[in-house]
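Student: Right, I'll just put the structure down here and ask away after.
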Amino acid sequence: MPKLDSFTLEIKTGAKAGPEIPSFAINGFPLEFDSAEGNTQPGETIVLTGSPNSYPHSLVVIGPQNGQPAWDIESITATYDCSLMEPYTIRMGAVTLDDESNLNFWNEPPLPVFDV
Amino acid sequence: MPTWFKKVFNDDVAKATSPGVPASNGADAEVEKPVPVAPPTVDKPALGQPDTTEFEEPVKPKLRKIIHAPIIMDEEEQSSWSENIAIKARVEADRMTCVFMVDRPVLEGLSAWFPQPSYAEESSPLGKQLFAIEGIGAVLLHGMTVTIGMTDLCDRPWQELSVEIGQVIRAYLKTGEDTITQSFRDNIPPEDEIHLKLQACVDMEINPGIAAHSGVVTLERIVGNSVYLVMGGGCQGCAASEITLRQGIHNTFRNAVPQIGGIFDVTDHSAGSNPFYSELPAGMG
């Protein structure tokens, strides 16, 4: 299991806006993003950075608070910077986060694939 | 002070429980004298009388469900399958196993597991040819994949071994013949029978064994002779769950029904109400 030093998360919002400043949790422990550029209004993109410096089993974007409207996410691009390896990027598709859900965006480093 | 610290130890609580702490550290702030606080009075039952005080049931925080977004493959990766038999290989994290992904079915609807050459001798012509390659210790045929296990003594790198494996798979699939024999197919029990026998293993052997770790295994489904299971309770999210699966559950299942093929863990190890690590309850964060 790699040690995740830092990550960058680029979230493009779909039709429904999200929370003003989202937060995240690593292995159930809540933390705040180091920086946030952009916004979560419909059609807009927000770029978030975090520095967990730990070994993630789960790494989640916390969904809207109780009673808040659902957040329509169109796409996510996550770049993970782990110790002792090159950074890698994973692209994810559409998903809707409501006030009862968190989005797990942790992805292990992809295993190398080669042609035979 | 980090924001999370404030959430846990918010100012109001800190002030209420520290009567001697001044309201501000500024130079002009008036220093308040500590005010003695009387302990709260509680009506205690008379000596010898039972305590009938009713306590409110604590409200359990609502657990949030964990969702995943679909991963999007690169277009280049998707379009690289050619009209010829294209094969891609992926060495698994244990370095002892390599999955060969073929662009067409190898074995549809079933899976075939050969842990040593003798198993494939009469059951799978493709398996038999693969075992002829030096260093191959196990073969699993399933859907559009061929999973190869290396022997413990093999020191050949996968890059070298995979060229030979690819040639064998490609040459065999071009013949158009079935990858397993008809007698092997005929010997596979129906799904209901497999389910019944494996459920007995789960109930009588596996779950009592892992109960000490608050673990529980559930048979999710049987497709053909492939087994899909879910590991819950303490097994969910536990780093040792794969060892439990490979060294314990696999052997138990294969002893009970030797004809089963692939055994797949379909647990979402990042979700659940009681995994080894807990997710945030709704409303927190």
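The values are calculated or read from the model by the stated rules, or taken from the named source; none is laboratory data. Quick caveat: nothing in here was measured; it's all calculated off a predicted structure. Positions of Cβ are generated from backbone atoms using ideal geometry, with glycine treated the same way; all protein chains shown enter the neighbour counts. Side chains included, ligands, DNA and RNA excluded: accessible areas come from the protein's heavy atoms. Shrake-Rupley method; radii C 1.70, N 1.55, O 1.52, S 1.80 Å.
Student: For residue B:229, what charge total do you get from the other residues with a beta carbon under 15 Å from its beta carbon, if Lys and Arg give +1 and Asp and Glu give -1?
Tutor: Working: positive: B:197, B:221, B:246, B:254; negative: B:191, B:203, B:205, B:220, B:242, B:265, B:268.
Once positives and negatives cancel, what remains is -3.
Student: Give me the inter-chain shielding for B:84-91: mean count of other chain Cβ atoms within 10 Å, whole number please.
Tutor: On the way: counts 0, 0, 2, 3, 4, 5, 5, 4.
The per-residue average across the peptide is 3.
Student: Here's another thing I want to ask about it. Give me, ordered by chain and number, the residues 5 or more places off residue B:137 or on other chains with an amide H under 5 Å from its own placed amide H.
Tutor: Long-range HN contacts for residue B:137: B:149, B:150, B:151.
Student: Cβ under 15 Å from residue B:196's Cβ, residue B:196 left aside: what net charge do those residues give with Lys, Arg +1 and Asp, Glu -1?
Tutor: On the way: positive: B:197, B:221; negative: B:191, B:192, B:193, B:203, B:205.
Neighbourhood net charge equals -3.
Student: For residue B:53 and residue B:243 in the same chain, what is the full-extension length gain: residue separation times 0.36 nm, less their Cα-Cα distance, in nm? Before the final figure, lay out the partial values.
Tutor: Working: separation 190, 0.36 × 190 = 68.40 nm, distance 4.93 nm.
Separation in residues times 0.36 nm, less the Cα-Cα distance, equals 63.5 nm.
Student: Can you give me the long-range amide H partners of residue B:110? Hydrogens built in the peptide plane at 1.01 Å from N, cutoff under 5 Å, separation of 5 or more residues or another chain.
Tutor: B:143
Student: May I pose another question? Counting partner chain Cβ atoms within 10 Å of every residue's Cβ in A:27-39, what's the average?
Tutor: Numbers: counts 7, 8, 4, 7, 4, 4, 0, 0, 0, 0, 0, 0, 0.
Across A:27-39, the average partner-chain Cβ count within 10 Å equals 3.
Student: Between residue A:96 and residue B:266, what is the FRET efficiency for a Förster distance of 22 Å, r being their Cβ-Cβ separation, to the nearest 0.05? Intermediate values should be presented prior to the final figure.
Tutor: On the way: r = 23 Å, r/R0 = 1.04.
For R0 = 22 Å, the calculated efficiency reads 0.45.
Student: OK, next. Please report, to two decimal places, log10 I(q)/I(0) for the range A:4-104 at q = 0.14, 0.16, 0.23 Å⁻¹ as given by the Debye formula with identical point scatterers on the Cα atoms and no solvent.
Tutor: So the normalised log intensities work out to -0.48, -0.64, -1.30.
Student: OK, next. Residues in the range A:53-90, backbone N under 20 Å from the label point at residue A:34 (7 Å along the Cα-to-beta-carbon vector): list them, ranges by number please.
Tutor: A:53-62, A:77-90
Student: Using the structure shown, list the pairs from A:3/B:62; B:65/B:88; A:12/B:65; B:128/B:197; B:88/B:197 with a Cα-Cα distance above 26 Å, or answer none.
Tutor: Working: A:3/B:62 30 Å; B:65/B:88 35 Å; A:12/B:65 22 Å; B:128/B:197 29 Å; B:88/B:197 36 Å.
Going by Cα-Cα distance, A:3/B:62; B:65/B:88; B:128/B:197; B:88/B:197 fall outside the 26 Å limit.
Student: Give me the extension gain from residue B:156 to residue B:203: residue separation times 0.36 nm, minus the current Cα-Cα distance, reported in nm with one decimal. Intermediate values should be presented prior to the final figure.
Tutor: Numbers: separation 47, 0.36 × 47 = 16.92 nm, distance 4.17 nm.
Roughly 12.8 nm would be gained on extension.
Student: A follow-up question, please. In the neighborhood of residue B:132, defined by Cβ-to-Cβ distances under 14 Å, what is the net charge if each Lys or Arg adds +1 and each Asp or Glu adds -1? Intermediate values should be presented prior to the final figure.
Tutor: Values: positive: B:128; negative: B:121, B:134, B:164.
For residues surrounding residue B:132, the net value is -2.
Student: While we're looking at this one, here's another question. With θ taken as phi - 60° and the coefficients 6.51, -1.76 and 1.60, list the Karplus ³J(HN,Hα) couplings across the range B:84-95 in order, rounded to whole Hz; mark glycine and proline as x.
Tutor: 6, 6, 9, 10, 10, 10, 9, 7, 6, 4, 6, 6
Student: Moving on to the next point. Taking amide H positions as placed in the peptide plane 1.01 Å from N, state which residues far from residue B:221 in sequence (5 or more) or on other chains have amide H under 5 Å from it.
Tutor: Under 5 Å from the amide H of residue B:221 lie the amide H atoms of B:228, each far enough along the sequence or on another chain.
Student: A further question follows. Determine which residues of the range B:129-158 fall in the zone a paramagnetic label at residue B:250 would reach in this model, i.e. backbone nitrogen under 18 Å from the point 7 Å along Cα→Cβ.
Tutor: B:131, B:135-143, B:145-154
Student: Could you check the spin-label model distance between residue A:88 and residue A:41? Points 7 Å from the Cα along Cα→Cβ, value in nm.
Tutor: 3.7
Student: What's the average, rounded to a whole number, of partner chain beta-carbon atoms within 10 Å of each residue's beta-carbon in A:98-110?
Tutor: So the per-residue partner count for this stretch is 4.
Student: Taking the range B:191-271 as the region of interest, what is the percent of Cα-Cα pairs per 10 angstrom bin, listed from the shortest bin to the one with the maximum distance?
Tutor: Histogramming the range B:191-271 at 10 Å steps yields 19, 58, 22, 1 percent.
Student: Which value, in square angstrom to the nearest 100, describes the accessible area buried between chains B and A on both sides, using a 1.4 angstrom probe?
Tutor: Values: alone 19380 and 6900 Å², together 23090 Å².
For chain B against chain A, roughly 3200 Å² becomes buried.
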